[in-house]
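Since the structure comes first, as structure tokens, the remarks are kept for the end.
Values in this text are rule-based calculations from the coordinates and carry no lab data. Please read these numbers as outputs of a predicted model, since none were measured by experiment. Ideal geometry is used to build each Cβ from the backbone, glycine not excepted, and the neighbour counts take in all protein chains shown.
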Amino acid sequence: MDVTRRNMLKGAGAALVAGTGVLHYAGKVGAQEAAAVERTPVWTRPPLEPGRRGADYQPVVTPNGASLEYRVVDGVKVYHLIVEPVRHEFAPGLRANLWGFNGRVHGPTIEAVEGDRVRIYVTNRLPAETSIHWHGVLLPSGMDGVAGLSQAPIRPGETFKYEWTFHQHGMLMYHSHHNEMTQMAMGMMGALVVHPRRAQDRRPVDRDFALVLSEWAIHAGTERPDPNEMEALNLFTINAKAFPGTAPLVVRTGDRVRIRIANPSAENHHPIHIHGHKFTVVETDGG
Ligand SMILES: [Cu+2]
């Protein structure tokens, strides 16, 4: 059978597929088609219809941040990241000149659903070359964003188009992968959340927060992080904020709360503590 994308998306509606192996396709297409897809390598499987906010996933909350907007074009979720200098305030009165995305440090959280095809345009408005690596995402090498290895760096003023289909779900990250010691020390990172497609993979919660940890070295009298400093870091942030600039995580008694924590920092470890609550580690390393 010719398993084209059109067949997959519009295939006959017999919904039930026996067995457990057929991942996203159960419920979307007929049993024969789903079985045929299952025999193909996961990387070659066609995308599904774009997952819908609310119906297919509950958005995460990024305290002090935001999720990146997208629009759907011919079945593909299209995003636009603009890399640029940002004047940022870590806490009232504590300001610095950083590099971020779309006017923010860190970048906005990118949300998608397993099976989504995404296209992410990255426009470089820095005075330096850059590239963006999608940390932990299983994708074709040319989309991996490692400048000098899988692509030429994106020069100032240029836009690069990244495109792939998500074949996994989990809490991932993105960050500069060109001169990254400097560029990540300047703030170029963000959260990437891929929601599960299948109902049985979902773990509904009342609150779902995405936190990105980072560490900085901003010497007295300066307004720009020192990217050469690897140990004497003097500013530790959550979503690029330090207390009292950090937004509280507001929850209700009895709520089931998920906290996603990423530390993409190129520099150091960042121990944190959730004071006064009991919690369980349910997933690690993007799993
Ligand atoms: Cu990484």
Reduced to Cα centres, the span from the stretch 89-112 to the stretch 50-75 in Å works out to 19
Cα pair distances of the stretch 160-249 binned at 5 Å [whole percent] | 3, 10, 17, 19, 16, 13, 11, 8, 3, 1, 0
Non-local amide H neighbours of Tyr57 (under 5 Å, H modeled in plane, Pro and chain starts lacking H): which ones?
-> Arg52
Exposure proxy check: His167, His195 ranked by fewest other beta carbons within 10 Å?
-> His167, His195
Kindly give the semi-axes, whole Å and largest first, of the ellipsoid equivalent to the stretch 193-287, taking each as the square root of 5 times a Cα gyration tensor eigenvalue.
-> 31, 16, 11
So, how do all the Cα-to-Cα distances of the stretch 49-287 break down into 10 Å bins, in percent, from 0 on up?
-> 7, 32, 36, 20, 4, 0
What ranking, highest mean first, results for peptides 241-248, 140-147 when packing means the other Cβ atoms within 10 Å averaged over each residue?
-> 140-147, 241-248
Counted neighbours (other Cβ, 10 Å), sorted fewest up, put Glu180, Glu231, Glu158 in the order Glu231, Glu158, Glu180
With labels modelled as points extended 7 Å from the Cα through the Cβ direction, what inter-label distance (nm, one decimal) is found for Gln200 paired with Glu163?
-> 3.4
Just from its helices, what would the mean residue ellipticity at 222 nm be for the chain, if runs of 4 or more DSSP H residues each count -39500 (n - 2.57) and the sum is divided by every residue, rounded to the nearest 500 deg cm²/dmol?
-> -1500 deg cm²/dmol
Choice from Thr123, Thr44, Thr159 showing the highest fluctuation, given a GNM over the chain with Cα pairs closer than 10 Å | Thr44
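Take peptides 274-282, 50-58 and line them up by average Cβ neighbours within 10 Å, highest first, as a rough protection proxy.
50-58, 274-282
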Added length on full extension, which subtracts the Cα-Cα distance from 0.36 nm per residue, Gln58 to His269 | 73.0 nm
The stretch 66-140 - Rg over Rh from alpha carbon coordinates, Kirkwood radius | 1.02
